[in-house]
Amino acid sequence: MDDSVEQDAPGAYPASWVSDVVLSDGQTVHVRPIRPSDAEELERFHARQSPESVYFRYFSPRPRLSGRELTHLTTVDHHSRVAFVATQATMIIGVARYERYRGTDTAEVAFFVDDEHNGRGLATLLLEYLAAAGLENGVRRFTATTLPSNRRMLTVFRSAGYEVASRLEDGVIEVAFDIDPTGASVAAMDRRERVAEAASVRPMLWPASVAVVGAGRDGGLGAEVLANLTANGFTGAVYPVNQHADHVGGLPSVRHTDDLPADVDLVVVATPAGDVPAVLDSAGQRGARTAVVMSAGFAEADGPGADLEHLVVETARRHGMRLLGPNALGVINADPSVRLDGTLAPELPRAGRIAMLAEAGTLSAAIVDHARRMDLGVSTMVAAGNRADVGATDLLSFWSEDESTAGVLLYLVARDLRPRFVRAARAASMRMPVAALHTSMGSGTGERPHDESRRRAAAMFRQTGVIRVSALEQLFDLGRILSDQPPPTGRGVAIVGNSDGAVALAADACLDAGLDLVPLAVPTSDGRVLTNPVDLRHVATPEDFALAIDAAASAPGVASVLIISAPPRLRLDEELVEVILEASATHPTVTFAATMLGSAGRARLSGERHGRPVGVPIYRFPEDAARALGRLAHHADWRNAVGTSPPNEEEVGDPQAARRAIDAPLTRMADDRSVELDPSEQQALLESFGVPVIDRRVVRTVDEAVAAADDLGWPVALKARTRNRLTRSASSGVALDLADEEQVRAMWTRMEDLLGPGFLPATVQQFLESGIDVAVAARRDDDGSGTIEVGLGGPAAIVGEYELGVLPLTLTDASTLVAASPVGRVLTDPLDRVPVVELVHRLGALVAELDHLRSVVADPVVVTTTTAAIADVQIRLGPPPEDFPVRRLE
């Protein structure tokens, strides 16, 4: 039965409170609210624990729980009394609960983790779930009582990122902390999530043992994978599973998955689709840690395949396994210590530093083959298939932690990019270049995504630092640099070549790619001094090349050197090859790339210098190299601009004041309906995050309007309750620049006649005589993701042109977003944009902070050289997104 609709639970709880989650050791657990039917299992859980653990939990010896205690512990209301259990298979391995103090927003918490499962991050995980449930139920503060010797529990509270206050009294430690998310607590949760995701897929990519189920089918996928595993020299243990033969592929076979050795790292499944759930269940009972399902016939096919795929995922997670596929083409690890070829590609690519993900079934084999022909150095590669469990988010988390990976290449199919992916992509990009080809059509649908989806994808790439390319060849061009060379640290480039046409072409290409030609003074053997680009066509000896390349690489500001060789007879100059390799070894922080006509299809120069291998990529034409260098230099600029702090570590505004501001409006909201904030509520909410609003008064009579204008100061604007922001006239409900009482009274009468019931209550507002109108709209979707739009406001908004960003938004993101928007084309001086950037940043942070805040539409925002203040705003609250703000597997 589905946990979310379990019939013996006495109180309702949201379906989002039930989830599968990855722990710090990489295995998955199931988290859900406790229920009365757990009594027997809770009794068994209690009996397994040591007397010390029981004493830590209950502060007294308690060898067994009475029936009354079990009933009390398993019967909760999911509001004032909440408890979560973590299970593997059907066994409870952890319990956490809170009891709310009546009439307060404070609750007492307690945790009990199975002795056999300590150190896996269970208590911290369950604290996240308790805190999220508490916030939904109006709890704002947790207290806990623990013994001084229970250091493990004290560490849990502090490592979660909360500001913990504690005191010792009567031999116990009293702990208290607010559970409102802080930058530190959210960052800590994100970090734990990425570490856990990385650990969960490590056995799949760095296995010490592999079982192949379905290996006995002649000509089948399993037989081919088994042959590739053995032919490419996998260094671990291989277990073919075949019930009809004693040996398969020259290896002794295992008759059934029940007979597998315990704790096999990776199980490759290539059986008929209907057999897969049973195979995974059997392997899971033997402790298998991960699985790659190559079988087809699931969600990618018509009919009942989607239900079967759901069963496959459910089975894997029940046993704590991570799953790649179904319909996957496998995994590769080219490291010499592993040599894993769990794919249909017959040969491994060269071992190196590039990780690859291909979300395109049969194209994956071609990508592996191209990587081998390009001599691309690969660390690990994944051909993902249906992505029912393990996907790009998990793999980016792994590669962020993998010291053998220096760059990531992604081939992504069209889909919405969820918040978890955005966080993981940003974290990976902060450590190393990540490049992606994101297709414009959904796999198999033939449909182009909506304009909004394309905008979101573009915003995601811009804000996460992921390098977006438009062709597979461009993806490989980036990978070839990262495979052998350090990424450029800046935009400065030097060009050294022996062909005036090719050198000039390279210079133009570098400038078009956003690179800067660094001024140089390079002496030659004939007494001349050459500048950048360095054209050696008259003195193109290897010695002159060596002097010029060394001078260029040594010059301040040069981050990369592009070498152009065009010998008259189109033969590779081996002496020049030695010069280039020596220069690359001598200048290890400079990025080298080459275009060498006559290299006869050679993809890279390689050799050994000073005891280490050296490689320099060769490109067919200078434009290809320049484009790749420019994109990598742009990524370096992004990293330098963003710094090292993720978005949620930037403290903006007062979250507690913001929550207090929406408490009253939320009481007016029905279960599934939204509610609009009135002007005073808007003011309180926006002030909590420092968002300026032009001073205004709500009035119901003309005398109140005149008094308000006297109080605010003349001139003023008069606005009807219902108005058209795209026009400014009495008939549209907006009158500006009213200078005195006579004008206010006359306009009041006119608007009252024209608008009737839509006029009152009206608003009187200060009128700013100069400035431009800007529109900013921040929204949160049902899946928990958020966007923010920036464009021109007021009458100019009729054009409908805007730039889109995704939440969360750093200050740097906000600056880039405003610069790229129509506002940036009007306010060309970056200093003039500062007030807009700050307002956009604060509005984005406000929407990202409050789950109930579904939209803030500010139009117009009046911008001057010193201020940006909201003149008109609509704020809507609604039910929080179904996405429970805790770690979970999607």
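Annotation: of all residues in the stretch 397-448 being polar (S, T, N, Q) and more than 23 Å from Met204 (Cα to Cα), the one that is modelled with the highest pLDDT is Thr439. Checked against the criterion of being buried (at least 22 other Cβ atoms within 10 Å of the Cβ), farther than 27 Å from Pro419 by Cβ and of a type outside the set (Gly, Ala, Ser), the candidates Asp872, Asp832 yield just one match: Asp872.
For Arg102, the stated conditions do not hold, so it cannot be described as outside any loop (DSSP other than H, G, I, E, B) and loosely packed, with under 15 Cβ neighbours inside 10 Å. Taking Ala316, is it more than 18 Å from Val210 (Cα to Cα) and either within 30 Å of the chain's Cα centre (by Cα) or at pLDDT 90 or above (or both)? The answer is no for Ala316.
Could you say whether any residue in the stretch 57-64 is charged (D, E, K, R), at pLDDT 95 or above and surrounded by fewer than 23 Cβ atoms within 10 Å (Cβ to Cβ)?
Scanning the stretch 57-64 turns up no residue that is charged (D, E, K, R), at pLDDT 95 or above and surrounded by fewer than 23 Cβ atoms within 10 Å (Cβ to Cβ).
When we screen Val818, Val836 for residues that are in contact with a Lys or Arg (Cβ under 7 Å, 6 or more places away or on another chain) and modelled with pLDDT of 95 or more, the only hit is Val818.
To keep it simple, each residue is scored yes or no on (1) open to solvent by 30 Å² or more (accessible area, probe 1.4 Å); (2) over 22 Å from the mean Cα position of the chain (by Cα).
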position	(1), (2)
Thr145	yes, yes
Glu174	yes, yes
Ala187	no, no
Val201	no, no
Val210	no, yes
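Scanning the stretch 319-337 for residues that are over 25 Å from the mean Cα position of the chain (by Cα) and either open to solvent by 10 Å² or more (accessible area, probe 1.4 Å) or modelled with pLDDT under 95 (or both) yields a count of 4. In the stretch 155-171, the residues that are open to solvent by 60 Å² or more (accessible area, probe 1.4 Å) reach residues that are assigned to a loop (DSSP other than H, G, I, E, B) and among the hydroxyl-bearing types (Ser, Thr, Tyr) with C-beta atoms within less than 8 angstrom, at least six apart or across chains, in these pairs: Glu163/Thr182.
Take the conditions (1) free of Cβ contacts under 8 Å to residues at least 12 places away in the same chain; (2) open to solvent by less than 50 Å² (accessible area, probe 1.4 Å); Thr812 misses just one of them, which is (1). Would you call Gly222 assigned to a loop (DSSP other than H, G, I, E, B) and either out of contact with any strand residue (DSSP E or B) (no Cβ under 6 Å at 6 or more places or on another chain) or open to solvent by less than 30 Å² (accessible area, probe 1.4 Å) (or both)? The answer is no for Gly222.
Here's the yes/no breakdown for (1) modelled with pLDDT of 90 or more; (2) within 27 Å of Leu395 (Cα to Cα); (3) hydroxyl-bearing (Ser, Thr, Tyr):
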position	(1), (2), (3)
Arg191	no, yes, no
Glu197	no, yes, no
Met204	yes, yes, no
Val212	yes, yes, no
Thr230	yes, yes, yes
Asp263	yes, yes, no
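Considering only residues in the stretch 111-132 that are farther than 20 Å from Ala176 by Cβ and touching a Ser or Thr at 6+ places or on another chain (Cβ under 7 Å), the one that is most open to solvent (accessible area, probe 1.4 Å) turns out to be Asp115. Flag set for Ser364, criterion: at pLDDT below 90 and closer than 28 Å to Ile481 by Cβ.
Within the stretch 187-227, restricting attention to residues that are in contact (Cβ under 8 Å) with a residue 12 or more places away in the chain and charged (D, E, K, R), the residue that is nearest to Glu347 (Cα to Cα) is Glu224. One residue alone among Ala552, Ala585 is open to solvent by less than 80 Å² (accessible area, probe 1.4 Å), within 37 Å of the chain's Cα centre (by Cα) and not β-branched (Val, Ile, Thr), and that residue is Ala585. Out of (1) closer than 26 Å to Leu726 by Cβ; (2) touching a strand residue (DSSP E or B) at 6+ places or on another chain (Cβ under 8 Å), what's the single condition that is false for Thr828? Every listed condition holds for Thr828 apart from (2). The residues listed here are Ala735, Ala746, Ala708, Ala717; of these, the one that is in a helix (DSSP H, G or I) and buried (at least 21 other Cβ atoms within 10 Å of the Cβ) is Ala708. For the stretch 463-500, taking the residues that are modelled with pLDDT of 90 or more and open to solvent by 40 Å² or more (accessible area, probe 1.4 Å), the one that is farthest from the chain's Cα centre (by Cα) is identified as Arg491. Does Leu135 meet the test of being open to solvent by less than 50 Å² (accessible area, probe 1.4 Å), outside any loop (DSSP other than H, G, I, E, B) and under 19 Å from Ala196 (Cβ atoms)? So Leu135 does not fit the description; no.
Restricting to the stretch 652-705, count the residues that are of a type in the set (A, V, I, L, M, F, W, C), assigned to a strand (DSSP E or B) and under 35 Å from the mean Cα position of the chain (by Cα). The total comes to 2.
For the stretch 400-426, the set of residues classified as surrounded by 20 or more Cβ atoms within 10 Å (Cβ to Cβ) and closer than 21 Å to Thr489 by Cβ consists of Ser400, Thr405, Ala406, Gly407, Val408, Leu409, Arg426, listed by residue number. Pro349 meets each of the listed conditions (1) in a helix (DSSP H, G or I); (2) open to solvent by less than 30 Å² (accessible area, probe 1.4 Å) apart from (1). Is it true that some residue in the stretch 35-48 is acidic (Asp, Glu), buried (at least 19 other Cβ atoms within 10 Å of the Cβ) and closer than 30 Å to Pro879 by Cα? No: the stretch 35-48 contains no residue that is acidic (Asp, Glu), buried (at least 19 other Cβ atoms within 10 Å of the Cβ) and closer than 30 Å to Pro879 by Cα. Within the set Ala299, Ala351, the sole residue that is in contact with an Asp or Glu (Cβ under 7 Å, 6 or more places away or on another chain) and over 25 Å from Gln27 (Cα atoms) turns out to be Ala351.
Looking at Glu128, Glu108 in this structure, which one is among the acidic types (Asp, Glu) and assigned to a helix (DSSP H, G or I)?
Exactly one residue qualifies, and that residue is Glu128.
Number of residues in the stretch 776-792 that are assigned to a strand (DSSP E or B) and open to solvent by 20 Å² or more (accessible area, probe 1.4 Å) equals 4.
The values are calculated or read from the model by the stated rules, or taken from the named source; none is laboratory data. Note that the structure is a prediction, hence the values are computed from the model and not measured. Quick reminder, even Gly has a Cβ in these numbers, built from the backbone with ideal geometry, and neighbours come from all protein chains shown. With ligands, DNA and RNA removed, areas are computed over all heavy atoms of the protein, side chains included. Shrake-Rupley method; radii C 1.70, N 1.55, O 1.52, S 1.80 Å.
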